[in-house]
Every structure is written in structure tokens, then in C-alpha cells.
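The values are calculated or read from the model by the stated rules, or taken from the named source; none is laboratory data. Bear in mind that the values here come from a model prediction, so they are computed numbers and not experimental data. A quick note on method: Cβ atoms are made from the backbone with ideal geometry, for glycine too, and the neighbour counts reach across all protein chains shown. Just so you know, the surface numbers come from the protein's heavy atoms only, side chains and all, with ligands and any DNA or RNA stripped out. Shrake-Rupley method; radii C 1.70, N 1.55, O 1.52, S 1.80 Å.
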Amino acid sequence: QVQLVESGGGLVQPGGSLRLSCTTSGRIFGVSAMGWYRQVPGKERELVATISPAGSPNYAESVKGRFTISRDNVKNTVYLEMNSLKPEDTAVYYCNLKWGPLQYWGQGTQVTVSS
């Protein structure tokens, strides 16, 4: 069983920064695609960023130039550095692991951007 544990969420003012972390258990991290998704009440979960096992990133248009996804295959951890945060970035952020037909989710961490 693979477990994903997110951390790093919180309250930040517009224009501020946060870094989310997601640490995984198990032995498949290094061969898995990792991603960050977010969800607000009443809306579908949306992709924020993904990163391939080799480290190639992909971003939603809404976060390009502001967010950076990275991974440490020794620490089994994926990060999301979020800069120039906007109120519309407020959401619960979920970590995702995909390996073949399998995927796993973290429990989510709240990010609130407000003055």
C-alpha cells in the first residue's frame, strides 16, 4: 500500500509564497509520475502540475511562471513551490502518484490566499 502525506499548506497574503511537500511510502516513487491537483468546494479537482519520473514538468496555464514542481527521488518527496500567490489559488491541494494503471492520493492540504 502506498501512502502520500502532504504538508506545507496554510494562510498566506496575496503575492506571498508557500512550499508544499508530499512524502510517499513504498518503493515505486522513483518510477512514478507525481502531480499536484487542487479542488475548491463545488468544483471538480483540477490539475496544477505534474512531473515525470525523469523530472520533466508540466503546468496548468493558470500557474505557469508562478509555481514550480520538483522531486527528490532519494527522499521520495515531491514539492510544489508556489510564488506570487493569488486569492484564486485558494483550494485544497492534493498530491497524486501514478504508476501504470494505479494511482494514489494524499489527504490534501489547505492553501488559503487572503489579506
Report, by residue number, each residue of the range 39-94 that is within 17 Å of LEU11 (Cβ to Cβ) and of a type in the set (A, V, I, L, M).
VAL40, LEU80, MET82, LEU85, ALA91, VAL92
Filtered residues of the range 58-74 (kept if among the β-branched types (Val, Ile, Thr) and exposed (fewer than 15 other Cβ atoms within 10 Å of the Cβ)):
VAL74
Write out, first by first residue and then by second, each pair whose Cβ atoms fall under 9 Å of each other, whose residues are 6+ apart or on separate chains, and whose first residue, in the range 95-114, is farther than 17 Å from THR23 by Cβ and open to solvent by less than 60 Å² (accessible area, probe 1.4 Å) while the second is assigned to a strand (DSSP E or B) and small (Gly, Ala, Ser).
VAL111/GLY10; VAL111/ALA91; THR112/GLY10; THR112/ALA91
Please go through the range 34-57 and give me each residue that is within 17 Å of VAL78 (Cα to Cα) and open to solvent by 40 Å² or more (accessible area, probe 1.4 Å), ordered by number.
LEU47, PRO53, ALA54, SER56, PRO57
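Find the residue count for the range 83-94, including only residues that are over 14 Å from CYS22 (Cα atoms) and either free of Cβ contacts under 8 Å to residues at least 60 places away in the same chain or surrounded by 16 or more Cβ atoms within 10 Å (Cβ to Cβ) (or both). Break it down stepwise before answering.
Residues of the range 83-94 that are over 14 Å from CYS22 (Cα atoms), as a first pass: 83-91.
Then keep just the ones that are either free of Cβ contacts under 8 Å to residues at least 60 places away in the same chain or surrounded by 16 or more Cβ atoms within 10 Å (Cβ to Cβ) (or both); that gives 85, 88-91.
The total comes to 5.
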Among the residues of the range 1-17 satisfying the criterion of being part of a strand (DSSP E or B) and open to solvent by 30 Å² or more (accessible area, probe 1.4 Å), which is modelled with the highest pLDDT?
LEU11
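Among the listed residues GLY65, GLY15, GLY55, GLY42, identify the single one that is touching a residue at least 60 places away in the same chain (Cβ under 8 Å) and out of contact with any helix residue (DSSP H, G or I) (no Cβ under 6 Å at 6 or more places or on another chain). Walk me through it before giving the result.
Details: GLY65 fails: touching a residue at least 60 places away in the same chain (Cβ under 8 Å); GLY55 fails: touching a residue at least 60 places away in the same chain (Cβ under 8 Å); GLY42 fails: touching a residue at least 60 places away in the same chain (Cβ under 8 Å).
Answer to the check: GLY15.
In this structure, does THR77 turn out to be in contact with an Asp or Glu (Cβ under 9 Å, 6 or more places away or on another chain) and surrounded by 17 or more Cβ atoms within 10 Å (Cβ to Cβ)?
On the way: in contact with an Asp or Glu (Cβ under 9 Å, 6 or more places away or on another chain): no; surrounded by 17 or more Cβ atoms within 10 Å (Cβ to Cβ): yes.
Taking the combined requirement at face value, the residue does not satisfy it.
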